[in-house]
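First the structure, in the form of structure tokens, and then the observations on it.
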Amino acid sequence: MANADTPHSPHHHAAHAKEYKGSCFCGAVQFTISGEPAGMGYCHCESCRKWSAGPVNAFTLWKPDALKVVRGAENIGTYSKTPKSLRKWCTKCGGHLFTEHPGMGVTDVYAAVIPDFPFRAGVHVNYQETKLRMKDGLPKMKDMPKEMGGSGVVLAE
Ligand SMILES: [Zn+2]
Ligand SMILES: [Zn+2]
């Protein structure tokens, strides 16, 4: 006879996917991401520079359902200059959170807002627009990789 009372480990979820915590500058918005990113690196494009007010954007790309807002969802603002990007920030502190790319089926969570995540860049994209050359030996894509709709052309550092 089978026992209906199935035991289970309290660490059940942890065994399936690593989880990392993220938040805005003031902490009003908190979220988690879980699993493994689809890609990570640095974007040098003008949009990233103007939006971040920094010379490059360190990005990590995730399937949208990897991200869960656990606190302060009502404080998330959205700006969409083009339908390709839904940029999210905290309306209390102005701190940036992540950008949804519905066409590509990924969400870019800025490496700067997930300090516990072991960020390891694999590529530089939109390097033709760079204002800060980074000689780290990683591939420098002129625009975007072919599989993401770009030319796939690699530039010298
Ligand atoms: Zn905030
Ligand atoms: Zn960019």
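The values are calculated or read from the model by the stated rules, or taken from the named source; none is laboratory data. In this text, all values refer to a predicted model and were calculated from it rather than measured experimentally. Positions of Cβ are backbone-derived with ideal geometry, glycine not excepted, and every protein chain shown enters the neighbour counts. Surface accessibility is based on the protein's heavy atoms, side chains included, excluding ligands, DNA and RNA. Shrake-Rupley method; radii C 1.70, N 1.55, O 1.52, S 1.80 Å.
Please give the strands (runs of 3 or more DSSP E) falling wholly within segment 32-78 in which 1 or more residues are away from ligand 1 (no atom under 16 Å from the Cβ) and more than 12 Å from Tyr110 (Cβ to Cβ). Spell out the reasoning first.
Working: elements: 39-43, 57-62, 67-71.
So the answer is 39-43, 67-71.
Considering segment 97-127, and only residues there that are in contact with a helix residue (DSSP H, G or I) (Cβ under 8 Å, 6 or more places away or on another chain) and in a loop (DSSP other than H, G, I, E, B), the residue that is nearest to Met148 (Cα to Cα) turns out to be Met104. Restricting the first member to segment 63-91 and to residues that are exposed (fewer than 15 other Cβ atoms within 10 Å of the Cβ), and the second to residues that are of a type in the set (Lys, Arg), the beta-carbon pairs closer than 8 Å and six or more apart or on different chains are Gly77/Lys88; Thr78/Arg87; Thr78/Lys88; Tyr79/Arg87; Ser80/Arg87; Lys81/Arg87. A single entry from Thr99, Thr107, Thr130 fulfils the requirement of being within 15 Å of the chain's Cα centre (by Cα), within 13 Å of ligand 2 (Cβ to nearest atom) and surrounded by 18 or more Cβ atoms within 10 Å (Cβ to Cβ): Thr99. Taking each residue of segment 38-56 that is farther than 12 Å from Leu132 by Cβ and looking for partners that are near ligand 2 (Cβ under 9 Å from one of its atoms) and open to solvent by 30 Å² or more (accessible area, probe 1.4 Å) with beta-carbon atoms closer than 9 Å, six or more apart or interchain, yields Cys45/Glu129; Glu46/Glu129.
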